[in-house]
Amino acid sequence: MKKLLFFTFAIMLIFSCKKQKNYVKLAGITQGTSFHISYNAVKDEDLKKQIDSILKKFDSSLSIFNKNSIISRINQNDNLVKTDSYFEIAFEKSVEINNNSEGAFDITVSPLVNFWGFGFKKNPKPVKDTTKVIDSLLKLVGMSKVRIENHTFLKEDSRITLDCNAIAQGLSVDIVSEFLESKGIKDYMVEIGGEVRVRGFNEVNEYWNIGIDKPVENSTEFNRELQTVFKLKNKSAATSGNYRKFKEENGQKFTHTINPKTGFPVKSNLLSATIIAADCLSADAYATACMVLGLEKSLELLKKRKELSGIFIYTNEKGEFLTYISDELKPFILN
């Protein structure tokens with residue numbers, strides 16, 4: 001559930017300043033979305049090929065847009081496929097956040113996502129009795145129905161499929177970031193599919209500036225407005241939102257965020273959830289969980305999870321945009 005082929009739910013903009021000769025900028029496509037990397041090179045070494053190799057390996061593990069990836073083969077019930085370290089990290093974190101979010105985050109929600117037309121199966125067939133179909137698909141949803149044993153993925157029902165789009169890009173950001181750190185790089189920004197992790201300073205020796213889009217329908221890269229800009233210091237940030245990707249049928253709009261408990265698209269006044277965490281894997285997954293939970297329960301979640309901070313954009317009864325900002329983030333807000 002990200003941008004380009006599967007769109008990002010509230011794309012984060014990364015602002016660049018004057019370029020210095022020791023800063024390297026890379027850009028490309030991975031996992032059906034774009035990436036942008038900026039880092040202060042400590043020595044004259046071309047890291048592009050190594051980063052491309054890392055992203056290609058990651059794509060072969062968790063990208064649903066790669067028909068031969070591990071996750072695609074699991075969804076196809078390939079009995080010969082074995083899980084790798086990338087997949088297992090994502091799965092273990094998914095179980096953890098599922099438990100911490102009252103089941104709001106669930107990678108087995110894939111059958112429902114596909115039913116509503118937001119998954120890897122395009123153009124689903126219309127049905128007469130939506131409720132009946134949803135009830136049958138809910139039997140295939142639940143983290144307790146799947147597990148990994150000796151690098152083998154086991155399902156209670158062969159019809160269970162996975163969608164890791166709400167966590168995969170966050171993990172890939174962490175993996176690239178850790179690679180840069182292994183090379184002695186102390187100043188960098190890694191952004192994949194709108195999820196970002198930074199360390200140190202940008203080209204003008206300031207903390208990295210991050211912008212969150214104003215949640216306006218039909219906005220593009222060329223006409224977007226920013227709701228909030230903040231400085232990010234040695235942390236990760238991920239944004240999830242419902243205002244860009246939706247389907248419209250018979251005058252009704254259906255958002256891409258599906259509640260794994262009800263099986264239906266989420267209806268909420270919470271338009272955008274940005275989570276700041278030490279690692280992007282957690283920020284990515286918790287941002288999606290918040291969109292399922294809604295504003296009040298998301299605020300409760302932040303109180304329980306002291307390692308997380310958040311910026312929530314929501315509407316009041318008058319339809320006005322309001323913003324909640326965690327206290328610890330307020331000194332870093334620029335507008």
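The values are calculated or read from the model by the stated rules, or taken from the named source; none is laboratory data. Keep in mind it's a predicted model, so treat the numbers as computed, not measured. Cβ placement follows ideal geometry from the backbone for every residue including glycine, while neighbour counts extend to all protein chains displayed.
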Quickly run through region 72-98 and pick out the residues that are touching a Phe, Trp or Tyr at 6+ places or on another chain (Cβ under 7 Å) and of a type in the set (A, V, I, L, M). Ile74, Ile97
Could you pull out every one of the helices (runs of 4 or more DSSP H) wholly within region 94-198 that has 2 or more residues that are out of contact with any helix residue (DSSP H, G or I) (no Cβ under 6 Å at 6 or more places or on another chain), of a type in the set (S, T, N, Q) and within 19 Å of Asp59 (Cα to Cα)? 165-182
Would you please name the residue that is modelled with the highest pLDDT, looking only at residues in region 78-129 that are exposed (fewer than 15 other Cβ atoms within 10 Å of the Cβ) and in contact with a Gly (Cβ under 8 Å, 6 or more places away or on another chain)? Pro124
Quickly run through region 52-77 and pick out the residues that are buried (at least 20 other Cβ atoms within 10 Å of the Cβ), assigned to a helix (DSSP H, G or I) and of a type in the set (Gly, Ala, Ser). Ser61, Ser72
For region 285-331, give me each residue that is under 16 Å from the mean Cα position of the chain (by Cα) and of a type in the set (A, V, I, L, M). Ala285, Ala287, Ala289, Met291, Val292, Leu293, Leu308, Ile311
Write out, first by first residue and then by second, each pair whose Cβ atoms fall under 9 Å of each other, whose residues are 6+ apart or on separate chains, and whose first residue, in region 67-91, is closer than 11 Å to Leu162 by Cβ while the second is in a loop (DSSP other than H, G, I, E, B) and aromatic (Phe, Trp, Tyr). Ser72/Phe65; Ser72/Phe120; Asn75/Phe120
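Just a yes or no: is a residue in region 270-287 among the β-branched types (Val, Ile, Thr) and modelled with pLDDT under 95? Quick ask: steps written out before the conclusion?
If we filter region 270-287 for residues that are among the β-branched types (Val, Ile, Thr), which is where we start, we get 274-276.
Now restrict to residues that are modelled with pLDDT under 95: none.
Checked against the condition, which is being among the β-branched types (Val, Ile, Thr) and modelled with pLDDT under 95, region 270-287 yields no hits at all.
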When every residue in region 205-231 that is among the hydrophobic types (A, V, I, L, M, F, W, C) and closer than 16 Å to Phe312 by Cα is compared, the one modelled with the lowest pLDDT is Val216
Please give the number of the condition Tyr39 fails out of (1) part of a strand (DSSP E or B); (2) in contact with a Phe, Trp or Tyr (Cβ under 8 Å, 6 or more places away or on another chain); (3) surrounded by fewer than 20 Cβ atoms within 10 Å (Cβ to Cβ). (3)
Which members of region 254-267 meet the condition of being crowded, with 20+ Cβ neighbours inside 10 Å, outside any strand (DSSP E or B) and polar (S, T, N, Q)? Thr257, Asn259
Just for region 272-323: of the residues that are among the β-branched types (Val, Ile, Thr) and outside any helix (DSSP H, G or I), which one is farthest from Ala168 (Cα to Cα)? Thr315
Would you pick out the residues in region 300-320 that are modelled with pLDDT under 95 and among the hydrophobic types (A, V, I, L, M, F, W, C)? Ile313
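For Val176, state whether it is crowded, with 20+ Cβ neighbours inside 10 Å, without any contact (Cβ under 8 Å) to a residue 60 or more places away in the chain and under 18 Å from the mean Cα position of the chain (by Cα).
Details: crowded, with 20+ Cβ neighbours inside 10 Å: yes; without any contact (Cβ under 8 Å) to a residue 60 or more places away in the chain: no; under 18 Å from the mean Cα position of the chain (by Cα): yes.
No; evaluated as a whole, the condition is false for this residue.
Can you go through Lys330, Lys297 and tell me which one is at pLDDT 95 or above and farther than 24 Å from Val196 by Cα?
Values: Lys330 fails: farther than 24 Å from Val196 by Cα.
Exactly one of Lys330, Lys297 is at pLDDT 95 or above and farther than 24 Å from Val196 by Cα, namely Lys297.
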